[in-house]
Every structure is written in C-alpha cells, then in structure tokens.
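The values are calculated or read from the model by the stated rules, or taken from the named source; none is laboratory data. Bear in mind that the values here come from a model prediction, so they are computed numbers and not experimental data. When we count neighbours, we look across all protein chains shown, and the Cβ atoms used for this are built from the backbone with ideal geometry, even at glycine.
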Amino acid sequence: MSASHQLDERARAGFRQAFGYPPGAVAVAPGRINIIGEHTDYNDGFVLPAAIDRHLGVAVRLRRDARVALRSDRYQAAVELDQLPPRRRGDWSDYLIGVAREIDQRHGPGPGFDAFVASELPVGSGMSSSGAVEVATAVALMSARGIEVAPIETARLCQAAENGFVGAQTGIMDQFTALKARGGNAILLDCRSLQDEQVPLPDGRFAWILADSRVRHELASSAYNERRRECESAAAALGLTSLRDATEADLERISNPVERGRARHVVSENSRVLQAADALRRRAPRGLGPLLYKSHESLRLDFAVSCRELDCLVELAAGVPQVIGARMMGGGFGGCVLVLVEASGLDDVEQHLAEGYADEFHKSPEFYRVRSVDGVMPERTS
Ligand code: GLA
C-alpha cells in the first residue's frame, strides 16, 4: 500500500471510530523538504521544495446543522463548537477552522462538519505539517461541498487562512508544494509569478535524510513574523515593494544593520536557489553541497534563525565523507537539518550524527529518510 493510501485508510478508520459513521470525503496531503530557498517565499523570491513520503489525512462529513466537531490522532482533546468561531483558539483546530472560514468567505457559507485528522508528520519539525493539514482540509471540504478550484487557488486560500486566521505570516511554498509536487522532482517556484518548473532530483545513488534536533521554540511564530517585517522594512528603505528586486549593490544603502543582514540573506539565497536548480538540471548533485552549506551560514548569521543544536548537526554532517551537503530547513529556531548523502553511507552518517549530538546535548536526534512523492493534485500537462 502506498504511503498516501495508508493515511487515507487511517483517516477513514479514525473518523468512523470517532463519529460512528463513514466520512463523506477524504484528502491526503504530503509534507515537504525544501532543498534550498529559505525565507525567500514571502519576499517574492525563489524556492526549491519537494513533497515527501510523510503524509497527513483529513476525513470530513458535512452536517445538517452549523456545529463543528474535530478529532485528531495526535491530540486527545476533542473540539466541539456550535459554529465556526470568529477568532483563533490557539490550538491545532485553528488550521481547520481557518480554512473552513476562508472557503465560506470565497464560496458562500457552508454547513457545519465533522472532521478527523490522521498524521505521520511531526509538528514543529519544519516538514510543514501545517501546510499539509490546511491543504488536506481544503481539498476534503471543497470536495464534500462540490466546489472545484485550480490548485493555485487552493494554495492561496490555505495561505490566506494561515496568514489571516492562524496569524502566521507565512509564504505560499508549503501549500503550493503539497498540491503540485511530482515524485522524482523538486519544484523551482517563482513566488512572485507562481510559475513553476519541475526539476529532476538526484538519482538513487543519493538520498535525503532529515535529522530532527527535537528542539521546538515557543517563540518561533512571533520571531518568524518579525523576520518578515524586517524584510519589508529593508525593501521599503530601498524604495522596493519586495526584496526580490534588490541586488547586492543595493545592500549598503540599507542603514539599519539588522535589516541589511536580512536583505543580504534574501538576495544571496535567491541566487543560490537558481544555481541549485541549474545543478539539478545538469544532473550534477554534488554541485548542491557548497550551496547548502552557504545557505546554512547565511541563515545562521544574516537571518539569525538557526540555533546551537542545528549548527551542531550541520557541523557533524560536514565531517562525514559520504555527506554532499547539509543545512537547517524550514522556518528555523529548531526543527530539522536536511542532509544530502551518498545512499551507500546512510547508516554511517546517522550513526555519526547521533553520537556527536548525544555527546553535546545528551539526547538523540530523530532521523527520517525521505523520498519524493506526488502532491495532492500534480498537474501532468504543464
Ligand atoms: C515556513 C513557512 C514557509 C517558508 C518557510 C521558510 O515553512 O510556512 O512559507 O517561509 O517557513 O522558508
């Protein structure tokens, strides 16, 4: 059974057990890795993500009344509401409620619903469980309501729910990837035009490992929003609407040193994304190595979103001959390091990282060996 099929089954079975009747619609969405292009999406820049074989499924059934009942195999507490609340509650239900409200706003008010979430995506690890739960909720609810929209519109709707209702000022990378990825490929996405190009991932001689530091920072979301404001302020200082149009030569015109650093990261990272896509197109995966390490340094020093645990994992990885490159991945302040390795060295690399990390922090990282998969609605004709 495929990884996504398993989650479909789990969501169906969980729903039936929780509510006593079968769901009306089920959708399964993947998590993602981002090869390179961190904190560039909300700056109208470039990203290079791929969907991975770790999924989340949402099963729903529309109700005759306005009530909303939510269950999850992650969290014990059930959520029971008389109707969709106008403000966030500050827990996992916000993602589902935000998406349902966004659908109502765009397509007219719908009835209440029961929903069950089954997940194999760790929360806060940087694999985008939030993007996956938004996309799976949107696809399942719209299918139950008979609403059809293009994948890009679904991605925008989910991003609007996260920005407006959940309150995280994230970009569109995660939702776009969960919807439009194709197995065996990364997506080179221009976050300004939303033009995407499928770029072939390295062949089976290479593999991706996620090393989860198991650090989760409470303040990650407020620090993320702060980074976004700093980028907007840096763009404004240059008279630009986004840092996408900034060049290296512009940087010295930004007088605030913190904002200059943020801008330097975005400018240099955009250029690294294009170079990385080029290496993949040329089937030269070793060319990714220096770019991944430089990306990490830029996120550590200029963007200041790394932490000691992530730096330690990258340093350890750099010391293993079978490692091509490594860097922190996702929003930062904890979560995972992405490591590109020679497939023959998988065990050695994990052992080296586990030992070195335990020496320093007295705990083990969690490892995920991930493969690329299709998104929910990959477009085959583009
Ligand atoms: C989170 C956000 C994305 C992106 C990354 C950082 O995953 O959801 O939109 O900004 O952080 O690259």
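Hey, any hits in the range 149-157 for a residue that's within 14 Å of the ligand (Cβ to nearest atom), out of contact with any Cys (no Cβ under 7 Å at 6 or more places or on another chain) and free of Cβ contacts under 8 Å to residues at least 60 places away in the same chain? Walk me through how you get there before you give the answer.
Looking only at the range 149-157, we keep the residues that are within 14 Å of the ligand (Cβ to nearest atom), and these are 155-156.
Then drop every residue that is not out of contact with any Cys (no Cβ under 7 Å at 6 or more places or on another chain), which leaves 155-156.
Then keep just the ones that are free of Cβ contacts under 8 Å to residues at least 60 places away in the same chain; that gives 155-156.
Yes, the range 149-157 has at least one match.
Any residue in the range 21-43 that is surrounded by fewer than 19 Cβ atoms within 10 Å (Cβ to Cβ), more than 16 Å from the ligand (Cβ to nearest atom), over 30 Å from Leu240 (Cα atoms) and without any contact (Cβ under 8 Å) to a residue 60 or more places away in the chain?
Among the residues of the range 21-43, at least one is surrounded by fewer than 19 Cβ atoms within 10 Å (Cβ to Cβ), more than 16 Å from the ligand (Cβ to nearest atom), over 30 Å from Leu240 (Cα atoms) and without any contact (Cβ under 8 Å) to a residue 60 or more places away in the chain, which makes the answer yes.
So Met142 ticks every box in (1) part of a helix (DSSP H, G or I); (2) of a type in the set (A, V, I, L, M); (3) touching a residue at least 40 places away in the same chain (Cβ under 8 Å) but one. Which box is left unticked?
Every listed condition holds for Met142 apart from (3).
Is one or more of the residues making up the range 121-128 touching a residue at least 24 places away in the same chain (Cβ under 8 Å) and under 17 Å from Asp8 (Cα atoms)?
yes
Among residues belonging to the range 141-157 that are buried (at least 24 other Cβ atoms within 10 Å of the Cβ) and in contact with a Phe, Trp or Tyr (Cβ under 9 Å, 6 or more places away or on another chain), point out the one that is nearest to Asn270 (Cα to Cα).
Per the criteria, the residue is Ala155.
Consider Tyr75 carefully, then state whether it is under 21 Å from Arg145 (Cα atoms), among the aromatic types (Phe, Trp, Tyr) and in contact with a Phe, Trp or Tyr (Cβ under 9 Å, 6 or more places away or on another chain).
no
State yes or no: is Leu194 over 25 Å from Phe367 (Cβ atoms) and surrounded by 22 or more Cβ atoms within 10 Å (Cβ to Cβ)?
Working: over 25 Å from Phe367 (Cβ atoms): yes; surrounded by 22 or more Cβ atoms within 10 Å (Cβ to Cβ): no.
Spelling it out, it is not the case that Leu194 is over 25 Å from Phe367 (Cβ atoms) and surrounded by 22 or more Cβ atoms within 10 Å (Cβ to Cβ).
Among (1) assigned by TED's automatic domain parsing to the domain that holds Ile103; (2) surrounded by fewer than 21 Cβ atoms within 10 Å (Cβ to Cβ); (3) in contact (Cβ under 8 Å) with a residue 40 or more places away in the chain, there is one condition Arg214 misses while meeting the rest; what is its number?
(1)
Among the strands (runs of 3 or more DSSP E) contained in the range 161-263, which hold 1 or more residues that are away from the ligand (no atom under 16 Å from the Cβ) and at positive phi?
Answer list for the range 161-263: 206-216.
Please indicate, with yes or no, whether at least one residue in the range 264-282 is surrounded by fewer than 21 Cβ atoms within 10 Å (Cβ to Cβ), in contact with a strand residue (DSSP E or B) (Cβ under 7 Å, 6 or more places away or on another chain) and part of a loop (DSSP other than H, G, I, E, B).
Checking the range 264-282: not a single residue is surrounded by fewer than 21 Cβ atoms within 10 Å (Cβ to Cβ), in contact with a strand residue (DSSP E or B) (Cβ under 7 Å, 6 or more places away or on another chain) and part of a loop (DSSP other than H, G, I, E, B).
Residues are listed down the side, and each one gets a yes or a no for (1) surrounded by fewer than 19 Cβ atoms within 10 Å (Cβ to Cβ); (2) away from the ligand (no atom under 16 Å from the Cβ); (3) not in a loop (DSSP other than H, G, I, E, B):
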position	(1), (2), (3)
Glu315	yes, yes, yes
Gly335	no, no, yes
Leu338	no, no, yes
Asp347	yes, yes, yes
His352	yes, yes, yes
Asp359	yes, yes, yes
Lys363	yes, yes, no
Phe367	yes, yes, yes
Met377	yes, yes, no
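State whether one or more residues within the range 59-70 are more than 15 Å from the ligand (Cβ to nearest atom), farther than 22 Å from Val199 by Cβ, within 20 Å of the chain's Cα centre (by Cα) and surrounded by 18 or more Cβ atoms within 10 Å (Cβ to Cβ).
No, the range 59-70 contains no residue that is more than 15 Å from the ligand (Cβ to nearest atom), farther than 22 Å from Val199 by Cβ, within 20 Å of the chain's Cα centre (by Cα) and surrounded by 18 or more Cβ atoms within 10 Å (Cβ to Cβ).
So which strands (runs of 3 or more DSSP E) are wholly in the range 1-100 and hold at least 1 residues that are acidic (Asp, Glu) and outside the structural domain of Met329 (by TED's automatic domain parsing)? Even if it seems obvious, please write down each step before you answer.
Values: elements: 25-34, 49-62, 68-72, 79-81.
Result: 49-62, 79-81.
Taking the range 122-141 as the search range and keeping residues that are farther than 24 Å from Pro111 by Cα and out of contact with any Cys (no Cβ under 6 Å at 6 or more places or on another chain), which one is nearest to the ligand (Cβ to nearest atom)?
Ser128
Which condition number in (1) out of contact with any Cys (no Cβ under 9 Å at 6 or more places or on another chain); (2) in contact (Cβ under 8 Å) with a residue 24 or more places away in the chain; (3) not assigned by TED's automatic domain parsing to the domain that holds Arg262 is the one that Leu179 fails?
Unmet condition: (1).
Which residue is surrounded by the fewest Cβ atoms within 10 Å (Cβ to Cβ), if the candidates are limited to the range 294-313 and must be closer than 21 Å to Ala358 by Cβ and more than 16 Å from the ligand (Cβ to nearest atom)?
Ranking the candidates gives Arg308 first.
Residue check: is Gly261 among the small types (Gly, Ala, Ser) and surrounded by fewer than 16 Cβ atoms within 10 Å (Cβ to Cβ)?
no
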